[in-house]
1. Round to a whole number: what % of the accessible area of the range 66-156 belongs to carbon and sulfur, probe 1.4 Å?
2. Residue 35 versus residue 221, label points 7 Å from Cα toward the beta carbon: distance in nm?
3. Step through the residues of the range 191-203 one at a time and calculate ³J(HN,Hα) from phi using the Karplus curve (6.51 cos²θ - 1.76 cosθ + 1.60, θ = phi - 60°), rounding each to whole Hz and writing x for Gly and Pro.
4. Note down the relative contact order for the chain as a percent, whole number, built from C-alpha pairs under 8 angstrom at least six residues apart.
5. If I take R0 = 25 Å and measure r between the Cβ atoms of residue 27 and residue 151 in this structure, what FRET efficiency does the formula 1/(1 + (r/R0)^6) give, to the nearest 0.05?
6. What is the angle, in °, between the Cα long axis of helix 144-154 and the longest principal axis of the Cα atoms in the chain? Nearest 10 is fine, range 0 to 90.
7. Given axes a ≥ b ≥ c from the Cα gyration tensor, I'd like to know whether the range 157-285 is rounded (a/c under 1.5), prolate (a/b larger than b/c) or oblate.
8. Run the paramagnetic zone check for residue 208: 7 angstrom along Cα to Cβ, then residues of the range 17-61 with backbone nitrogen under 19 Å.
Amino acid sequence: MDYETPDDLNKFLQKVVNNPFDNPRNTEAWKREVLKQDGHYHTKQILERGRADFNKGFNGLTPHDKVIIYCYYYMQMHIVSSFHVFTSSDSLLKEYILNPSKNIVFIDFGCGPLTSGVALAWYYRSLDKDKQLDFHYIGIDNSEAMIRKATEISQRQAWRGCTFNFLESYEDHDYILKLIATYLSSGKYQDYLIVLNYSYLFASSTLDVSNLAQLVEKILDTNKSHKICLFYQNPIPGFLNSKWDEFKSKSFFQKKLCPVVEQKAILSYRNTTGRVKEGEFTEIKLHFETLVSK
C-alpha cells in the first residue's frame, strides 16, 4: 500500500524535521559526522538502525544532535506505519473520535518525538478534516532529548485541545495509574478508550519486559470498566520481535487480552524527509498487532 502524507503534515515535517537537520549548530562534530558522511553512515553508525541510546552522544555529537538525525530518517516512516496501524483498527478507534461523548487516553510507551501522537492527529483529520484534536496523551521515553523534542512539538497551536504528560520512565507504576485516573475522572466525557501504544519499543535491547508487563496488568486490572486497546508494531525480522514474544508469554496476556488484528504488511510512502530523490517512495516492512481487553 502506498501512502502520501497530506500537505499540512509535510509542512509540519519541513519545519520540525528538515529545517533542524539542514540548519544545525555549526560544530566540528556535525561537520565531521554528518555533513561529510552519507545516509548509510548516519543510520547504521550513529543511529544503529534506530536502536541507539539517545541519552548518549556519538563522537562529539550530543543526544540532541542524534534526535535531529533520527527524526530526519525515521519520523515520517514511523508516522506512516502508525497511521496504517490505526486505520487497520478503524472499528475500535472511530467511535471514540467521532462520538462527542467519548474520548481517548493514549499512553505511548517509547514515545520518541511524539511520532504516534502526530499519526493519531493525522488519523483524526482523515475522519473529519475539521475535527478538533482533544485526546489525552501520556508519552514515556527514557531519553531526555527525545522528551524535549516531543514537548516542543506538543506546544504547537494545532494541539491546543489536547493535554500532555511526558515521563522518562514507566517504573513508577502508581504515578502512571494516578495520571490515567485523573484523565478518566475529569467528567468531560462519558466513556473513554485507553490506548496502550508500542511503536518499535520492543526492538529495544534494554527494554525490561517484566516491569512493563507488571504495569500493563495493573492498568488492565484497575480500569475494568473501560475498553483498553493495545497497539504493537515492529519491523518484520523475527529477532526484533523476540521481546514481544516474551511479553505475550506472560500469564495475564492470554487471560485478559483478545487479539483483533495480527498482520505483516509491506507499505511505502513518498518520502519528504531524508536524502532521497524527489518523489521517491520508501518501503516499510511491518509486523503489527491489535488487542483489546476482554
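The values are calculated or read from the model by the stated rules, or taken from the named source; none is laboratory data. Everything numeric in this text was worked out from a predicted model, so none of it was measured. Cβ sites come from the backbone with ideal geometry, for glycine too, and all protein chains shown count toward neighbours. All accessible areas refer to the heavy atoms of the entire protein, side chains included, with ligands and DNA or RNA removed. Shrake-Rupley method; radii C 1.70, N 1.55, O 1.52, S 1.80 Å.
1. The value for the range 66-156 is 46 percent carbon and sulfur by accessible area.
2. Computed distance between label sites residue 35 and residue 221 equals 5.7 nm.
3. For the range 191-203, the Karplus-derived couplings read 8, 10, 9, 9, 9, 10, 10, 10, 9, 6, 5, 6, 7 Hz, x marking Gly and Pro.
4. Rounded, it is 20 percent for the chain.
5. With a Förster radius of 25 Å, E is 0.60.
6. Helix 144-154 sits roughly 70 degrees off the main axis of the chain.
7. Oblate.
8. 53-56
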